[in-house]
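Structure, as structure tokens:
The values are calculated or read from the model by the stated rules, or taken from the named source; none is laboratory data. The model shown is predicted, which means the values in this text are computed figures rather than measured ones. All Cβ positions, even for glycine, are placed from backbone atoms using ideal geometry, and neighbour counts span all protein chains on display.
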């Protein structure tokens, strides 16, 4: 089964972006490199840190803001749980979410899962393409959503229609230019139909 082994954010200020990644404890899986082609508007994706309880969401948000991230949507309860949305200095959008509405233990800046949510033009077509590249679809709701399995300690891939992905983070779906994101995979490198760059990066061995 193919999987995501890492993510690389392209930034015009790598130290500032790296500071946020360090504060969130994701630097081993999400790296930073200088540069990136011009990018306008919504870049099409968000990175979610899924946590066990609301207090962890608050702790992660506090750590990210202290490191230079900007709040796009303050943490609050919703029908599905508790969450917040931030933007790191490079322009990447981060979601922090818990399905729980009450804490069951001491709060900590900890998370259980990283999810890369890609906004795509055609969920069904993208799903077929990823399956052809060796990814295993584990959840699918027609043209509305698809999710793929990840290796132990890896990064989960999920797909939404681009408009839905933008709505999730409170952005207009319009955008052009580079995604400023490189997706590391243990599969062969490729560029998908929506312009996301997949780079061959072997799975790390503990």
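Listing for the model above:
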item	result
Unique residue being closer than 30 Å to residue 1 by Cα, in contact with a helix residue (DSSP H, G or I) (Cβ under 7 Å, 6 or more places away or on another chain) and without any contact (Cβ under 8 Å) to a residue 40 or more places away in the chain when the list is 84, 137	137
Filter result for residue 88 (under 18 Å from the mean Cα position of the chain (by Cα) and under 25 Å from residue 10 (Cα atoms))	yes
Looking only at the stretch 167-181, and only at residues there that are outside any loop (DSSP other than H, G, I, E, B) and either modelled with pLDDT of 95 or more or in contact with a helix residue (DSSP H, G or I) (Cβ under 9 Å, 6 or more places away or on another chain) (or both), the one that is nearest to residue 97 (Cα to Cα)	181
Selection from the stretch 58-73 of residues that are part of a helix (DSSP H, G or I) and either modelled with pLDDT under 95 or under 10 Å from residue 88 (Cα atoms) (or both)	64, 65
Condition check for residue 180: within 22 Å of residue 26 (Cβ to Cβ), under 15 Å from the mean Cα position of the chain (by Cα), surrounded by 14 or more Cβ atoms within 10 Å (Cβ to Cβ) and in contact (Cβ under 8 Å) with a residue 40 or more places away in the chain	yes
Lone qualifier among 125, 69 - being touching a strand residue (DSSP E or B) at 6+ places or on another chain (Cβ under 8 Å) and touching a residue at least 40 places away in the same chain (Cβ under 8 Å)	69
Residue that is in contact with a strand residue (DSSP E or B) (Cβ under 9 Å, 6 or more places away or on another chain), at positive phi and either crowded, with 21+ Cβ neighbours inside 10 Å or not in a strand (DSSP E or B) (or both), where the choices are 55, 91	91
Of all residues making up the stretch 26-52, the number that are surrounded by 15 or more Cβ atoms within 10 Å (Cβ to Cβ) and either in a loop (DSSP other than H, G, I, E, B) or at positive phi (or both)	7
